[in-house]
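Asker: Before I ask anything, here is the structure I am working with.
Taken together, the values in this text are just the output of simple stated rules run on the coordinates, not laboratory data. For clarity, every value in this text was computed on a predicted model and none was experimentally measured. Using ideal geometry, Cβ is built from the backbone for each residue, glycine included, and neighbour counts are taken over all protein chains shown.
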Amino acid sequence: MKFLVLMVLCCLSSLALANDAFVSGLSTPTPAYPRALLKNAHAGKVLAEVTISATGKVEHVRIIESSHPTFAEAVQHTLAKWRYRPWKLTQGRPAKVSITVPVIFGAQGMEPFSKAITVGLENTLCAYLNQEVSLSERNFPLEPLSQVDVFWHTRHYLASSYVTWQVPDKTRRSALSTELEHAVPAIVKACRANPDARYGNYLPHEIRGVLVSHN
């Protein structure tokens, strides 16, 4: 079984994705930090699901989780106005796809507080992951680090309809999740050494290849 998983991972590293990446942000402004929460140095996070049509418009924004309802309102309001590059319904491309987008208010986490906001897995700061890992190790020492929210957000993204279209083979998609699981210790070590770096920089190459940029 281990040999089979290893062979699948090797294939992933040597083969290009089955389909070209066609979702690309045109206008993806960062939500505004709610004034009252900023005044109180209240950090938080939102995970949203964004459904994008082939016209490039956002059809729907669903809040999956939010640490505060005011953060959720700010994300819902802004992401509904996002625009992506339109794509043609050729080569089997779908009429719409969904992706998940984490928005971190207070990019460093709770301490030290920062009014900076990061949008997207690729932009989440290592400093934020480091705080999640430290809290997990202190409060849930027997729980695997792969269960902290940043890694959960990544697994949620890998289950999105966009990634399903990009990687239609179920075995290959499963291998992406397996590769993430195996990479957790190395990612945690790299982020501890480089707290100002972006978490996305340390994701396995194949996972970075299916991320939609929100710069």
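Asker: Enumerate the aspartates and glutamates that residue 81 could reach by cross-link, defined here as Cα to Cα under 17 Å, with residues fewer than 8 away along the same chain left out.
Answerer: 49, 59, 73
Asker: Another question, then. When only Cα pairs under 8 Å and 6 or more residues apart are kept, what is the percent relative contact order across the chain?
Answerer: Numbers: 356 pairs, mean separation 50.9, N = 215.
So the answer I get is 24 percent.
Asker: Cross-link partners among aspartates and glutamates for residue 189, C-alpha distance below 18 Å, same-chain residues fewer than 8 apart left out?
Answerer: Output for residue 189: 122, 132, 137, 143, 149, 179, 181.
Asker: Using Cβ contacts closer than 10 Å as the measure, can you line up 125, 135, 26, 145 from fewest to most?
Answerer: Numbers: 125 24, 135 13, 26 10, 145 17.
With the fewest neighbours first, 125, 135, 26, 145 line up as 26, 135, 145, 125.
Asker: If I histogram all Cα-Cα distances within the range 118-158 using bins 10 Å wide from 0, what percent of pairs lands in each bin?
Answerer: Reading the bins upward from 0: 30, 53, 18, 0.
Asker: Further, regarding this structure: Given +1 on the Cβ of Lys and Arg, -1 on the Cβ of Asp and Glu, and no further charges, what dipole in debye does the chain carry about its Cα centre, rounded to the nearest 20? Don't jump to the answer; show the numbers that get you there.
Answerer: Numbers: 22 positive and 16 negative charges, 117 e Å.
Charge dipole, the chain, about its Cα centre: 560 debye, nearest 20.
Asker: Moving on to the next point. Would you mind telling me which residue in 103, 148, 119 has the biggest mean-square fluctuation in a Gaussian network model of the chain, where springs connect alpha carbons within a distance under 10 angstrom?
Answerer: Top of the fluctuation ranking is 148.
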